Amino acid sequence: MSTTAQTPSAGNALYGGVTNRRVTIRDLALAKRRGERWPMLTAYDALTSRIFDEAGIPVLLVGDSAANVVYGYDSTVPVTVDELIPLTAAVTRSTKRALVVADLPFGSYQGSPQQALEAASRFMKEGNAQAVKLEGGHAVAPQVELLTSAGVPVMGHVGLTPQSVNTLGGYRVQGRGEAAASLLKDAKELERAGAFSVVLEAVPAELAAEVTEQLEIPTIGIGAGPSTDAQVLVWQDMAGLSPRVAKFVKTYANLAETLREAATDYASEVVGGSFPAEEHTYAS
């Protein structure tokens, strides 16, 4: 691929490009054709979503990882549609450019394509999401077909699918050995069904590169090596708030320590009587 294709002009760039409208799935498809990589982060609230939007992050995922980082569950399985819709609405209200994708939680789409459409419709209507994400390969292809035919853009997700952690035997790398062919087949099936992109989680880098090469739709890696079209991380992991992170996470800040120091300093000043000072007090 030529250098020109790898370094698109600022006007076309998905990251740091046009800011007067929302990023669309067509923009993502064009970025793949240009060979342009792009970042995606999770988001769950207004303040951080606005920051990520201003930073130029083109896609924000209201992930079912909110089960862990917002609601305190041990896995993503317990979180519900009713718990995720308000978070999705907050993210869409506070952003102007990012494409907002909402995760369909466990139990909201596996039963039937019609169940998936009902859940997705709520995220689109009540949460104002521009797309939804669901986990699984060939088993959810009928759901993807119905959603896309109904006008709902769908992001797929194969490899380590956290909603299926109980059947996968824990949080383990997927797609090794003979399982590689099955994972590639699942990714192709999602593309055939109409998905506009697919997340590859915790799969060998060589396999992720092969999937990326064979698919026309963008691949989004998380623990899948450097060859995918995009990368996604849970923002609390990336920013150093999570107490434990996976091997594939790079920590770009230490917000846990920053907040801990701020809380300690605040408490110390309250106890010592130096806060509030005169500049923080209203006169009569």
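The values are calculated or read from the model by the stated rules, or taken from the named source; none is laboratory data. The structure presented is a predicted model; accordingly, all values stated were derived computationally and were not measured. Here the Cβ is made from the backbone with ideal geometry for all residues, glycine too, and neighbour counts use every protein chain on show. Areas reflect the complete protein model, heavy atoms only, side chains present, ligands, DNA and RNA absent. Shrake-Rupley method; radii C 1.70, N 1.55, O 1.52, S 1.80 Å.
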Taking the Cβ-Cβ separation of residue 47 and residue 149 as r and a Förster radius of 45 Å, what is the calculated FRET efficiency to the nearest 0.05? 0.80
With every protein chain kept in the model, how would you rank 155, 124 by accessible area, 1.4 Å probe, largest at the top? 124, 155
Rounded percent of accessible protein surface that carbon and sulfur make up, segment 240-284, 1.4 Å probe: 56 percent
Total charge dipole magnitude, the chain, about the Cα centre, Cβ charges on Lys, Arg, Asp, Glu only, Debye to nearest 20: 800 debye
Any idea what the dipole of segment 51-168 comes to, in debye rounded to 20, about its Cα centre with Lys/Arg Cβ at +1 and Asp/Glu Cβ at -1? 300 debye
From Cα pairs below 8 angstrom and at least 6 apart in sequence, can you work out the relative contact order of segment 54-178, rounded to a whole percent? 22 percent
Hey, any idea what the orientation-averaged projected area of the convex hull of segment 155-284's Cα atoms comes to, in nm²? 12.8 nm²
Can you tell me the mean projection area, over all orientations, of the convex hull of segment 1-137's alpha carbons? Units nm², please. 9.0 nm²
So the compactness index of segment 92-148, its C-alpha Rg divided by 2.2 N^0.38 Å, takes the value 1.13
Gap separating the Cα centres of segment 183-231 and segment 236-284, nearest whole Å: 38 Å
Carbon and sulfur %, accessible surface of segment 60-192 computed with the full protein complex present, 1.4 Å: 52 percent
Lys/Arg +1, Asp/Glu -1 at C-beta; segment 155-284 dipole; positive extreme among 211, 181, 200: 181
So, for segment 174-226, what is the accessible surface per residue at a probe of 1.4 Å, expressed in square angstrom? 43 Å²
Any chance you could list P(r) for the chain, counting all Cα-Cα pairs in 5 angstrom bins from zero, rounded to whole %? 1, 6, 12, 16, 18, 17, 13, 7, 4, 3, 2, 2, 1, 0, 0, 0
Rounded, prolate or oblate: pick one for segment 175-234, where a ≥ b ≥ c are the square roots of the eigenvalues of its C-alpha gyration tensor, a/c under 1.5 means rounded, and failing that, prolate if a/b is larger than b/c, else oblate. oblate
Could you sort 175-185, 213-223 so that the peptide with the highest average Cβ count within 10 Å comes first and the rest follow in order? 213-223, 175-185
Expected output is a single nm value to one decimal: the length gained when fully extending between residue 74 and residue 138, i.e. 0.36 nm times separation in residues minus the C-alpha distance. What is it? 20.3 nm
Using only helices, what value at 222 nm comes out for the chain when you add -39,500 (n - 2.57) per DSSP H run of length 4 or more and divide by the total residues, to the nearest 500 deg cm²/dmol? -11500 deg cm²/dmol
Using only Cα atoms, figure out Rg for segment 86-231 and give it as a multiple of 2.2 N^0.38 Å. 1.01
Out of all DSSP beta bridges in the chain, what portion is antiparallel? Express it as a percent rounded to 5. 5 percent
Potential extension, residue 250-residue 265 segment - 0.36 nm per residue separation minus Cα distance: 2.6 nm
Ratio of alpha-carbon Rg to the 2.2 N^0.38 Å globular estimate for segment 195-269, to two decimals, please. 1.51
